[in-house]
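In what follows, a single structure is set out as structure tokens and then discussed.
The values are calculated or read from the model by the stated rules, or taken from the named source; none is laboratory data. In this text, all values refer to a predicted model and were calculated from it rather than measured experimentally. Cβ placement follows ideal geometry from the backbone for every residue including glycine, while neighbour counts extend to all protein chains displayed.
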């Protein structure tokens, strides 16, 4: 089972957000939270909130009273896309104007149970071996 959380129109460039996203890709949730908390980047604050939201979404999908601490959750997918750009002008010397581009981004983060991910990968490997060796 996988739960997804999305952050839209975050006022930061996608490149800066990707630097923080690469730190937590395929990491356990607890380790990812501690990495983001102590990374010292503004993107870490945004991603920490997003990760907690994804974990809460995963708990709501369970439809019972169990918490996510009982499971081995991992950041299964994190994707950062460029969002819309706001364009402004700033006065420059000799009557000119320089364009200022204010970047934004969209982040999609998914968490999944690591045990389920491993069993799915084994199932795919077994089916591909059966089709290649028809002995």
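Considering only residues that are touching a strand residue (DSSP E or B) at 6+ places or on another chain (Cβ under 7 Å) and buried (at least 16 other Cβ atoms within 10 Å of the Cβ), look in the stretch 19-32 and name the one that is nearest to residue 54 (Cα to Cα).
Among those residues, the one meeting the criterion is 29.
Within the stretch 94-117, track down each residue that is in a helix (DSSP H, G or I) and either within 19 Å of residue 81 (Cβ to Cβ) or at pLDDT 65 or above (or both).
Within the stretch 94-117, 94, 95, 114, 115, 116 meet the criteria.
So which residues in the stretch 47-63 are at pLDDT 95 or above and touching a helix residue (DSSP H, G or I) at 6+ places or on another chain (Cβ under 7 Å)?
Residues satisfying the conditions are 47, 48, 51.
What about residue 74, is it within 22 Å of residue 20 (Cβ to Cβ), modelled with pLDDT of 90 or more and touching a helix residue (DSSP H, G or I) at 6+ places or on another chain (Cβ under 6 Å)?
The answer is yes for residue 74.
Name, by its number, the condition in (1) under 18 Å from residue 1 (Cα atoms); (2) without any contact (Cβ under 8 Å) to a residue 24 or more places away in the chain that does not hold for residue 109.
Only one criterion in (1) under 18 Å from residue 1 (Cα atoms); (2) without any contact (Cβ under 8 Å) to a residue 24 or more places away in the chain is unmet by residue 109, namely (2).
Restricting the first residue to the stretch 65-89 and requiring it to be on the phi < 0 side of the Ramachandran plot and loosely packed, with under 13 Cβ neighbours inside 10 Å, which pairs with a second residue that is modelled with pLDDT under 95 and not in a strand (DSSP E or B) meet a Cβ separation below 7 Å and a spacing of at least six or different chains?
If the second residue must be modelled with pLDDT under 95 and not in a strand (DSSP E or B), the pairs left are 67/59.
Only one residue in 79, 17 is over 19 Å from residue 113 (Cα atoms), touching a helix residue (DSSP H, G or I) at 6+ places or on another chain (Cβ under 9 Å) and at pLDDT 95 or above. Which one?
So the residue among 79, 17 that is over 19 Å from residue 113 (Cα atoms), touching a helix residue (DSSP H, G or I) at 6+ places or on another chain (Cβ under 9 Å) and at pLDDT 95 or above is 17.
Condition (residue is buried (at least 21 other Cβ atoms within 10 Å of the Cβ), touching a strand residue (DSSP E or B) at 6+ places or on another chain (Cβ under 9 Å) and closer than 24 Å to residue 113 by Cβ) applied to the stretch 33-43: is it met by at least one residue?
For the stretch 33-43, residues buried (at least 21 other Cβ atoms within 10 Å of the Cβ), touching a strand residue (DSSP E or B) at 6+ places or on another chain (Cβ under 9 Å) and closer than 24 Å to residue 113 by Cβ: absent.
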